[in-house]
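Undergrad: Below you'll find the structure I mean.
Please treat every number below as a calculation from the coordinates, not as lab data. These numbers come from a predicted model, not from an experiment. With ideal geometry, Cβ positions are generated from the backbone for all residues, glycine too; neighbour counts draw on all protein chains shown.
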């Protein structure tokens, strides 16, 4: 489920905290998991709302992890890139825009080696990025941005 107290100002958390929806999908769309995610635990989210066309500038949804407790974050920036991605304890990257489609299920997880892998509709797509410190608790972070408008946590998380 999503953290209900620490998220971007354009985010609405609804349906028992399982859906995060952006009011405008341009900025302030950062959301976090409501608890640390275990190593190798997959975060599965369905794109319940998405635009059909790519947004200007190639902006797209980003996913990743943070070792910082979301409830302790003061002054959450409006965008993950470059604002959060350059901070210590934050690791994230965009999902290729061709996969940001309504009803697609995006899954991502951290391995014991610190790699973050992803899958689309259950098909493993490969390495998203590396270098995650797996020796600390990790919360999932999602920037609902660009084509993405709303995501729903599905399955275990």
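Undergrad: Residue 51 versus residue 104, label points 7 Å from Cα toward the beta carbon: distance in nm?
TA: 1.5
Undergrad: Sticking with this one: Roughly what would the spin-label model give for residue 12 and residue 76, points 7 Å off Cα along C-beta, in nm?
TA: Reported label-point gap for residue 12 and residue 76 is 1.6 nm.
Undergrad: Using only alpha carbon pairs under 8 Å that are at least six residues apart, calculate the relative contact order of the stretch 11-153 and give it in whole percent.
TA: 42
Undergrad: Per-residue counts of other Cβ atoms within 10 Å, averaged by peptide: what ranking do you get for 70-78, 87-95, highest first?
TA: Result, highest mean Cβ count within 10 Å first: 87-95, 70-78.
Undergrad: Suppose R0 equals 41 Å. What FRET efficiency, 1/(1 + (r/R0)^6) with r the Cβ-Cβ distance, do residue 123 and residue 87 give to the nearest 0.05?
TA: Rounded to the nearest 0.05, the efficiency is 0.85.
Undergrad: Quick one: order 143, 97, 133, 34 by neighbouring beta-carbon count within 10 Å, fewest to most.
TA: Ordered by Cβ neighbours within 10 Å, fewest first: 133, 97, 34, 143.
Undergrad: Additional query: Restricting things to Cα coordinates, could you compute the convex hull volume per residue of the chain in Å³?
TA: Numbers: hull volume 15.4 nm³, N = 157.
Each residue corresponds to 98 Å³ of Cα convex hull volume.
Undergrad: Kindly put 21, 35 in sequence by how many other C-beta atoms sit within 10 Å of each C-beta, fewest to most.
TA: Lowest count first: 35, 21.
Undergrad: Viscosity 0.692 mPa s, temperature 37 °C: what is the translational diffusion coefficient of the stretch 1-50 from Stokes-Einstein with a Kirkwood Rh over Cα pairs, rounded to a whole number of µm²/s?
TA: Answer from the Stokes-Einstein relation: 283 µm²/s.
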